[in-house]
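Below is one structure; the comments refer to it alone.
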Amino acid sequence: MKNLKLSVIIIALISISYVSSAQISAGPKLGLNMANLSGPEVKNNSMLMGFNIGGFCNYGFEDVIYNDFGKMLSVQAELMAETKGTTFETTDPVSGDKKDINYNFTYVTLPVLVKITFGESFKFYGNIGLYGSSLFGMTIDGEKGRDHDANPDTDDRKWREEYKGFDFGFIGGVGSLIPISDNMDIMIDARYDLGLNKIGEFGNVDDKYNDIKTSAISISAGLVFYFE
């Protein structure tokens, strides 16, 4: 029993030393989203410009995997607030004038990425992974809801209630790291994410938009702080 306890302690100490010696980096990031929606009934639409802002934490394996691949490999988790959606071009039935209507979704997103980094000083990287998003809010043409029952004594039905509260999908991209000190880099990142979940709910005001999915091209910049 004593030998078993000693073995457990030794394994725990080795594990702690690995974690403490592995290179960890973190930092803030922000940028632009060029978002769109896709689906069989999505027509006359274009990209919607939005934003992304948040932070990340990266775990490197160079002191865990003792070869060149270990120096290149890391796992990165992020927590982001971002906007997605699309811009529809519609025609006013009375005047015949064309008008753009923005479908704007605000998500809190958690991407988890496998990252491969190349180079010594000025570095390049590629990453790929999955993300999950929670719908925080939604507006259509700047409005949060609509009068759904013609009753002035009841509150407007929120657009947020007519779309699924969760989205998920694939994400991947490339970027570069520009050193500005021994323990700090500037990060430039470009990526594409593709939603796999149909975010429309049955019963929304536009039933034809039930079968829609999200996508976005993101360009962001941030600071990377290294901790050893």
Taking a crude spin-label model, label points 7 Å out from Cα along the C-beta direction, the residue 223 to residue 157 distance in nm is 4.7 nm
Expected vector for segment 41-47, Karplus 3J(HN,Hα) from phi with 6.51, -1.76, 1.60 and θ = phi - 60°, integer Hz, x for Gly and Pro, equals 9, 7, 9, 6, 10, 9, 5
Residues 109, 139 in order from fewest to most other beta-carbon atoms within 10 Å are 139, 109
Quick one, what does Rg over Rh come out to for segment 24-227 if you take C-alpha atoms and the Kirkwood Rh? 1.08
Segment 187-194 - phi-based ³J(HN,Hα) in whole Hz, Karplus 6.51/-1.76/1.60, Gly and Pro as x: 10, 10, 9, 10, 8, 10, 10, 10
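FYI, it's all coordinate maths here, none of it is from the lab. Because the structure is predicted, anything quoted here is derived from the model rather than measured. So basically every Cβ, Gly included, is an ideal-geometry build from the backbone, and we count neighbours across all protein chains shown.
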